[in-house]
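For reference, the structure is listed below as C-alpha cells.
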Amino acid sequence: MLRLRYIYKIHKLMEYIITLFGMLIGVIIPVSVFYWKYKEGKDKNKTIVEISKNLDDSSKLEELLAIFDERKKEPIDYRRNGIITTFVGIGLFLLGYYAIGNILKGVGALIALIGFGTMIAGYLYPNTGKELTDAVEKYEKE
C-alpha cells in the first residue's frame, strides 16, 4: 500500500512537470528564435565590417551591402497569394465536410473568403510597374 502511495505521488509530480514544461515551451520557442535571429544578424554585421576593412573601392562595398540586403525588391502579388489562400480554405472546408466536422468547415470558409478578398485587392490595386504604367496611360486617355 505504501508503494502505491509513492507511485501515485510520482505520477502527480510528473503531471505537474509536464504541465509546467508545456506552458514554458510557449515562451522558450519564441525566445530561442529571437536569440537565433540576433546571433545571425550579429555575425552578418561582423562579416560586413571585416570585408569592408579590406576593400579599397567604395563601389564594391555598396555591391556587398546589396548582396546582404534581404528585402524583396519586387512587389507582393496579391492575386497569386489570393488564389493560394482561397484553395487552402476550400481544402480545409472539404476536410471539415468529409472528415472532421463543422468547426473546420467554418475555418475553411473563412480562409477561402480571405483569399477571395486578397485576390480582388490584387485586381483593384495594380502592383507591378507595367500595370501601374498601363493604369496611368488608361487614365490619361480618358
Worksheet item: How long is the gain from residue 7 to residue 136 if the chain were fully straight, where each residue apart is worth 0.36 nm and the alpha carbon distance is subtracted?
Response: 38.7 nm
Worksheet item: Given only helices, namely DSSP H runs of n ≥ 4 each adding -39500 (n - 2.57), what is the per-residue ellipticity at 222 nm of the chain, to the nearest 500 deg cm²/dmol?
Response: -29000 deg cm²/dmol
Practice prompt. For residue 103 and residue 125, calculate 0.36 nm times their separation in residues minus their Cα-Cα distance, and state this gained length in nm to one decimal.
Written response: 4.6 nm
Response to the item:
Between the residues 20, 93, 122, the Cα farthest towards the positive end of the dipole of the chain, that dipole coming from +1 and -1 charges on the beta-carbon of Lys, Arg, Asp and Glu, is from 20
Worksheet item: Taking the chain as a Gaussian network, Cα atoms linked when under 10 Å apart, which of 103, 29, 18 shows the biggest mean-square fluctuation?
Response: 18
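No value in this document is a laboratory result; all are computed from the given coordinates. Everything quoted here is computed from the prediction, not taken from an experiment. Every residue, glycine as well, gets a Cβ built from its backbone with ideal geometry; the counts of neighbours run over all protein chains shown.
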